[in-house]
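Notes follow the structure.
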Amino acid sequence: MKRITQTLVFKLILGIVAGVLVGTYASEGIILVILTAKNILGDFIGYMVPLIILGFIAPAIISLRHSAGKVLTVTLIICYLSSVGAALFSMAAGYLIIPNLNIVSEVGSGRALPEALLELKFTPIMPVMTALITSVLIGLSVIWTRSESWTKLLEDFNDMVLKIVENVVVPVLPIYIFTTFASLAYEGVIIKELPIFFKIILIVIVGHYIWLTLLYSIGGAFSRTNPMEVLRHYPPAYVTALGTMSSAATLPVALKSAAKAKTLDPEIRDFCIPLCCNTHLCGSVLTETFFVMTVSQILYGHLPDPMTMVTFACLLGIFAIAAPGVPGGTVVASLGLIISVLGFDNNGTALMLSIFALQDSFGTACNVTGDGAIALMVTGLFKKVPGREGENKEAAVK
């Protein structure tokens, strides 16, 4: 198992490096082929996401039985608190750090991508949020009706989706990552814009690691286990998120990573990881908060008012839920907030979209990795922790 994990990580990193190198020196003809492959693979992964959600969340809810309602409510509350907490943490850092930075505001223009040679549209059977709500309602209704036939049907569907993920989705991810980074490199986004915003991107990445440390520390305290037992299995998911820039596209690898953690209850794990994929965006929210403050300083010469930022942070935790599955989706979903609450004009929103796209992969990786900490917290709250058999037996006797 360890060897398989190392192989996957190697393939993902190789895809990123090869994509940058090929995209930098590719001709228009070569990039046409790469772009066509990228669009087809991206559509296929997008098609699979609702199936993965249906195949994992509904069966997981059924397995939770009587505690399903409580687990769902508590998980959503924890996700929201984590996202808003990350935004407030980023806001505090912004007021301390941004005034002391000299940031260049000019953004380089890259080459335009040619139109793909061929487009094969794999239309998902339903939108991501529709799949999420449908899964929850189906799972709860099966519990209420105690339907044995639907329980068996959903368990079989879970096995079928898992095999599709293992045999089809995971193998194509390195290729998709290669095409994504080749496209970015061809446009010149990586080469021209990264040096401009290198300082703030580094600051944000450090913020991600600080927040992940806090989340896993809380998860370890709740479950009374070593959080590294979960975190150490997440490098494949982290690297996949770096390449796909999508929590939803990373879901198959995240499920495989979490499944290796001995301290996560399987029922909680299969419920929380897909759910958090669509509701827990701490990394993206942390990033966007710091970036809107930076852009405000660059274009308008001042930071937003603290109370305005608090309002923005609290609302952003809600608006971000519409974002998973779309690279750069968090900032796109919250453009209404950026304009109405912060008062950004077209220049401000354009600059936000530009810088956010540069680091989107790191924010997504933080989101995905943080999901493991949420699952550990919920395991500690509701289930007997697999890594504490002795304590569990003693508790059962009491």
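In this Cβ point-charge picture (+1 for Lys and Arg, -1 for Asp and Glu), the range 155-295 has a dipole of about 480 debye about its Cα centre.
Distance between the 7 Å Cα→Cβ label points at Ser340 and Ala18: 4.6 nm. I need the Debye-formula profile for the range 29-99: one equal scatterer per C-alpha, no solvent, reported as log10 I(q)/I(0) at q = 0.26 1/Å, two decimals. For the range 29-99 at q = 0.26 Å⁻¹, log10 I(q)/I(0) is -1.08. Extending 7 Å from the Cα toward the beta-carbon at both Asp156 and Thr311 defines two label points whose distance is 5.5 nm. Sequence-ordered 3J(HN,Hα) estimates for the range 247-256 from the Karplus curve with 6.51, -1.76 and 1.60 and θ = phi - 60° stand at 4, 5, 5, 7, 3, x, 6, 4, 5, 5 Hz, glycine and proline given as x.
Between Ser217 and Phe198, the simple spin-label model (points 7 angstrom out along Cα→Cβ) gives 3.1 nm. Annotation: extensible slack from Tyr47 through Ile97 equals 13.8 nm (criterion: 0.36 nm per residue apart, minus Cα-Cα distance). When nucleic acids and ligands are ignored and a 1.4 Å probe is applied, Leu202 ends up with an accessible area of around 80 Å².
The values are calculated or read from the model by the stated rules, or taken from the named source; none is laboratory data. Since the model is a prediction, treat every value here as computed from it, not as a measurement. Ideal geometry is used to build each Cβ from the backbone, glycine not excepted, and the neighbour counts take in all protein chains shown. Please note that ligands, DNA and RNA were not included when accessible areas were found on the heavy atoms of the full protein model with its side chains. Shrake-Rupley method; radii C 1.70, N 1.55, O 1.52, S 1.80 Å.
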